[in-house]
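Asks: Below is a structure I'd like to ask you about.
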Amino acid sequence: MAIQIENARPEDKRAVIELLQRGNLPINDLPVNLPNFFVAKEQDTYVGVAGLERFGSVGLLRSVAVDSQHQGRQIAATLVEELLEWAKLANMHELYLITTTADRYFERHGFKPVNRQQVPDAIQQSEQFRELCPASAIVMKRTVNLGE
C-alpha cells in the first residue's frame, strides 16, 4: 500500500498523541490545531507524524515518530523532507531539534550538533527546550537554504 503524507488537522490529534506516546516523545505541549504538522497514513491508519514549531525565521523540528510496524520504509525520511521543503517555502533560515536517541539519523538529513547556548532565545524558551527534553539531550541545527 502507498503511504499518503497530509497536513495534520485538529481531528488527527488523538492519533498523533498515540503515535508520539508509542515513540516515548513529549505530548504535553502539542499545539491544539497541529499547525505545521504532517501525518503519514496507509489507507486510514496513521503510521507516522512530524512537526515543526515556528519562531519567526527559525524552527524546532519535533515529534518525528513512525509506528514500529512501519519502520524501515522511509516514512520518517519522507516526513522530514516534507517539513524541510515547507521550511524553505516559508523562508525559514535555520531548523533545530532536540534528541536523546536519533542524532545519527538526523545527521543524514544535514543536521549537526550544536551547543545549547548557540540556540536562539525563542527556541530556548520553548517548553520542549526548557522542560520536556532533558538537559543531556543533543541539540542539532540545520541551515535551510532556498537554493538547496
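The values are calculated or read from the model by the stated rules, or taken from the named source; none is laboratory data. Keep in mind that what you see is a predicted model, and the values were worked out from it rather than measured. All Cβ positions, glycine included, derive from the backbone under ideal geometry; neighbour counts span all protein chains shown.
Asks: For segment 45-61, indicate whether the set of residues that are more than 20 Å from Leu20 (Cα to Cα) and assigned to a loop (DSSP other than H, G, I, E, B) is non-empty.
Replies: First, pick out the residues of segment 45-61 that are more than 20 Å from Leu20 (Cα to Cα): 55-58.
Add one more test, that the residue is assigned to a loop (DSSP other than H, G, I, E, B), and what stays is 56-57.
For segment 45-61, residues more than 20 Å from Leu20 (Cα to Cα) and assigned to a loop (DSSP other than H, G, I, E, B): present.
Asks: Output the number of residues of segment 62-107 satisfying the condition of being over 12 Å from the mean Cα position of the chain (by Cα), of a type in the set (D, E, K, R) and outside any loop (DSSP other than H, G, I, E, B).
Replies: Qualifying residue count, segment 62-107: 6.
Asks: Check whether at least one residue in segment 65-78 is without any contact (Cβ under 8 Å) to a residue 60 or more places away in the chain, β-branched (Val, Ile, Thr) and touching a strand residue (DSSP E or B) at 6+ places or on another chain (Cβ under 6 Å), and report yes or no.
Replies: yes
Asks: Tyr96 passes all but one of (1) closer than 19 Å to Leu20 by Cβ; (2) modelled with pLDDT under 95; which number fails?
Replies: It fails just one condition, (2).
Asks: Which of the residues spanning segment 44-102 are hydroxyl-bearing (Ser, Thr, Tyr) and either within 19 Å of Lys13 (Cβ to Cβ) or surrounded by 15 or more Cβ atoms within 10 Å (Cβ to Cβ) (or both)?
Replies: Going through segment 44-102, the residues hydroxyl-bearing (Ser, Thr, Tyr) turn out to be 45-46, 57, 63, 68, 78, 96, 99-101.
Matches in segment 44-102: Thr45, Tyr46, Ser63, Thr78, Tyr96, Thr99.
Asks: For segment 38-53, what are the residues that are without any contact (Cβ under 8 Å) to a residue 40 or more places away in the chain and touching a Pro at 6+ places or on another chain (Cβ under 9 Å)?
Replies: none
Asks: Take Gly110 and tell me if it is outside any loop (DSSP other than H, G, I, E, B), in contact (Cβ under 8 Å) with a residue 12 or more places away in the chain, surrounded by 14 or more Cβ atoms within 10 Å (Cβ to Cβ) and not aromatic (Phe, Trp, Tyr).
Replies: no
Asks: Do we have Gln69 as at positive phi and not charged (D, E, K, R) here? Spell out the reasoning first.
Replies: Values: at positive phi: no; not charged (D, E, K, R): yes.
No.
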